[in-house]
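What follows is a single structure, written as structure tokens, with notes after it.
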Amino acid sequence: MDLIRGFKDNCGFGLIANVKNVPTHDTVEDAICALERMMHRGAIAADGKSGDGSGLLFSMPTSFMKKEAHALGVDLPKQFAVAMIFLQTDEQRKVFEDACEANDLKVLLYRDVPVKVKALGKLALDSLPKIVQAFVTPSSLIATKRFEALLYLTRKIVEKKLRNEDDFYIASFSSKVISYKGLVMPTYIKTFFPDLSDETFKASFALFHQRFSTNTLPKWKLAQPFRTLAHNGEINSISANRFYAQVKSECMKSTVFSEEELQTLFPLTNDEVSDSASLDNMFEFMLINGFDFFKAVRSLIPAPWQNAPHMDSELRAFYEYSSINFEPWDGPAAVSLTDGRYIACVLDRNGLRPAKYIITKDDRIVISSEYGVLDIEEDNIIERGRLQSGQMIGLDLKFGKIMKNDDINDYLKSSNPYTDWLNKGLVYL
């Protein structure tokens, strides 16, 4: 019995994707099924319906969003974003609109996300926010070119202005991804969000997460996935990580944001959110400033390189170079991440969280805390495996390519002459 019970701890997390980037409703259904089978990995309140939170982060279901906007009398243009907002008052909505307007963004319409409260337990119901989708488009040529950056900047401005209002939260604000999450049990998430049952709601990938809270009390906004990642484990170096993020903010420069805009973005994170949310804040900041996806992941969550004598010297040079600028966010942690184009799963160098993957003949990749989250015929499986300490697996949706750990390492070490840079610029004391 210990073998059965022994693996039932910590959050359940994972991702599912169509390798060829084809959005289907089946991907949505499979993600929900996988999430439901993670139920034993989360905490459950006495009412049987309240938990620590669960959720899904989908690629933008464009056709569904256009259909819903059309039903409300608006035809969406090609370039649009959707903000998934937890709010309570009209004043909060006004702050959001003003920030959009100040950054050349136009709020076309609001949509009240349909929810069925019978799916919630008492704890979740008592703190239930109003869940609203804001459809936003650029209203100038510059905003069209800087769209994602301005979405991020606007969200940070709104968060800063409403930082004392604990019930306000923007779960996602992007043209690429959208978040459906909350204090709801995995088995009730489809009931709670009727959107997810709509056949026109199609996604090419989904990150999913069932939370087991270890260092914060359950809140709607702390349910995962966050805006770029879902995380299983803890960040045990979190105090130092937050401190260093604040220190480095003093001398940061950006090619995407002006000096004035940068100051608006700080602080990058704080101790009022969970450790996972802080990691998400940092990773998102790097991506929005044009940091390469895989280098960003590997700068924050490095492989064990210091005491690895057999590691490739060029790869070691990459890690040594990045360690000058970034401290490791040490777990135990398994993290699935996305920027809308790339999806990846990485195990930190402690390697103490499970991450198992399956690649199928019908162009699917499934990564999760355990096997069995989906019923997949053996004949359909090309490969199955698990990540070891410090390993990473990724997917490039644009080209439909799965990249294993060695592929990613080859890319990292050959992308710049790190050895030369270290020899020329580093003084060992």
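The values are calculated or read from the model by the stated rules, or taken from the named source; none is laboratory data. This one's a predicted model, so the numbers in the text were calculated from it and none came from an experiment. Quick reminder, even Gly has a Cβ in these numbers, built from the backbone with ideal geometry, and neighbours come from all protein chains shown. We work out accessible area using only protein heavy atoms, side chains counted, and drop any ligands, DNA or RNA first. Shrake-Rupley method; radii C 1.70, N 1.55, O 1.52, S 1.80 Å.
Evaluating ILE157 against the criteria (1) under 14 Å from LYS221 (Cα atoms); (2) crowded, with 20+ Cβ neighbours inside 10 Å leaves one unmet condition, (1). Of the numbered criteria (1) under 13 Å from the mean Cα position of the chain (by Cα); (2) surrounded by fewer than 22 Cβ atoms within 10 Å (Cβ to Cβ), the one PRO267 fails is (1). In the range 275-303, the qualifying residues are those that are assigned to a loop (DSSP other than H, G, I, E, B), touching a residue at least 60 places away in the same chain (Cβ under 8 Å) and out of contact with any strand residue (DSSP E or B) (no Cβ under 9 Å at 6 or more places or on another chain), and the one that is least open to solvent (accessible area, probe 1.4 Å) is PRO302.
All of THR200, THR137, THR144 fail the test of being part of a helix (DSSP H, G or I) and either crowded, with 24+ Cβ neighbours inside 10 Å or hydroxyl-bearing (Ser, Thr, Tyr) (or both), apart from THR144. Under the condition of being farther than 15 Å from GLU327 by Cα and without any contact (Cβ under 8 Å) to a residue 40 or more places away in the chain, which residue from the range 230-251 is least open to solvent (accessible area, probe 1.4 Å)? Checking each candidate, the answer is CYS251. Kindly indicate whether any position in the range 307-327 is within 19 Å of the chain's Cα centre (by Cα) and free of Cβ contacts under 8 Å to residues at least 12 places away in the same chain. There is no residue in the range 307-327 that is within 19 Å of the chain's Cα centre (by Cα) and free of Cβ contacts under 8 Å to residues at least 12 places away in the same chain.
Residue by residue, here is whether (1) closer than 18 Å to ALA31 by Cα; (2) in contact with a helix residue (DSSP H, G or I) (Cβ under 6 Å, 6 or more places away or on another chain); (3) at pLDDT 95 or above holds:
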residue: ILE358; (1), (2), (3): yes, no, yes
residue: ILE365; (1), (2), (3): yes, no, yes
residue: SER369; (1), (2), (3): yes, no, no
residue: LEU397; (1), (2), (3): yes, no, yes
residue: ILE402; (1), (2), (3): no, no, yes
residue: ASP407; (1), (2), (3): no, no, yes
residue: TYR418; (1), (2), (3): no, yes, yes
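Figure legend. Inter-residue proximity from the range 117-133: first residues farther than 20 Å from PHE96 by Cα, second residues among the hydroxyl-bearing types (Ser, Thr, Tyr), beta-carbon distance below 6 Å, spacing 6+ or different chains. Indicated pairs: ALA119/TYR188; ALA119/THR191; GLY121/SER50; LEU123/SER50; ALA124/SER50. Quick check: is even one residue across the range 172-180 in contact with a helix residue (DSSP H, G or I) (Cβ under 9 Å, 6 or more places away or on another chain) and more than 25 Å from LYS398 (Cα to Cα)? No, the range 172-180 contains no residue that is in contact with a helix residue (DSSP H, G or I) (Cβ under 9 Å, 6 or more places away or on another chain) and more than 25 Å from LYS398 (Cα to Cα).
Kindly evaluate PRO218 against the criterion of being in a loop (DSSP other than H, G, I, E, B) and either open to solvent by 40 Å² or more (accessible area, probe 1.4 Å) or over 26 Å from ASP339 (Cβ atoms) (or both). Give the steps one after another, and end with the answer.
Details: in a loop (DSSP other than H, G, I, E, B): yes; either open to solvent by 40 Å² or more (accessible area, probe 1.4 Å) or over 26 Å from ASP339 (Cβ atoms) (or both): yes.
The answer is yes for PRO218.
Among the listed residues LEU125, LEU87, LEU72, LEU76, identify the single one that is touching a strand residue (DSSP E or B) at 6+ places or on another chain (Cβ under 8 Å) and at pLDDT below 95. Outline the logic, then answer.
Values: LEU125 fails: touching a strand residue (DSSP E or B) at 6+ places or on another chain (Cβ under 8 Å); LEU72 fails: at pLDDT below 95; LEU76 fails: at pLDDT below 95.
So the residue among LEU125, LEU87, LEU72, LEU76 that is touching a strand residue (DSSP E or B) at 6+ places or on another chain (Cβ under 8 Å) and at pLDDT below 95 is LEU87.
Please work out which one of (1) surrounded by fewer than 24 Cβ atoms within 10 Å (Cβ to Cβ); (2) closer than 30 Å to LYS398 by Cα; (3) modelled with pLDDT under 90 is the condition SER213 fails and give its number. That leaves (2) as the condition not met.
Just one residue in the set ILE382, ILE367 is hydrophobic (A, V, I, L, M, F, W, C) and in contact (Cβ under 8 Å) with a residue 60 or more places away in the chain; that residue is ILE367. How many residues does the range 79-122 contain that are among the aliphatic types (A, V, I, L, M), part of a loop (DSSP other than H, G, I, E, B) and in contact with a Leu (Cβ under 9 Å, 6 or more places away or on another chain)? So the answer is 2.
Which residue, of SER54, SER50, SER59, SER63, is at pLDDT below 95, small (Gly, Ala, Ser) and either out of contact with any Gly (no Cβ under 6 Å at 6 or more places or on another chain) or open to solvent by 10 Å² or more (accessible area, probe 1.4 Å) (or both)?
Result: SER54 is the single residue among SER54, SER50, SER59, SER63 that is at pLDDT below 95, small (Gly, Ala, Ser) and either out of contact with any Gly (no Cβ under 6 Å at 6 or more places or on another chain) or open to solvent by 10 Å² or more (accessible area, probe 1.4 Å) (or both).
Across the range 232-264, the qualifying residues are those that are over 23 Å from THR154 (Cα atoms) and in a helix (DSSP H, G or I), and the one among them that is farthest from the chain's Cα centre (by Cα) is VAL247.
Going through the range 67-78 one residue at a time, which ones are in contact with a Leu (Cβ under 8 Å, 6 or more places away or on another chain) and either closer than 17 Å to PHE147 by Cβ or open to solvent by less than 10 Å² (accessible area, probe 1.4 Å) (or both)? Within the range 67-78, ALA69, LEU76 meet the criteria. Taken over the range 360-394, the criterion of being part of a loop (DSSP other than H, G, I, E, B), within 30 Å of ALA308 (Cα to Cα) and in contact with a Cys (Cβ under 7 Å, 6 or more places away or on another chain) is satisfied by LEU387 alone.
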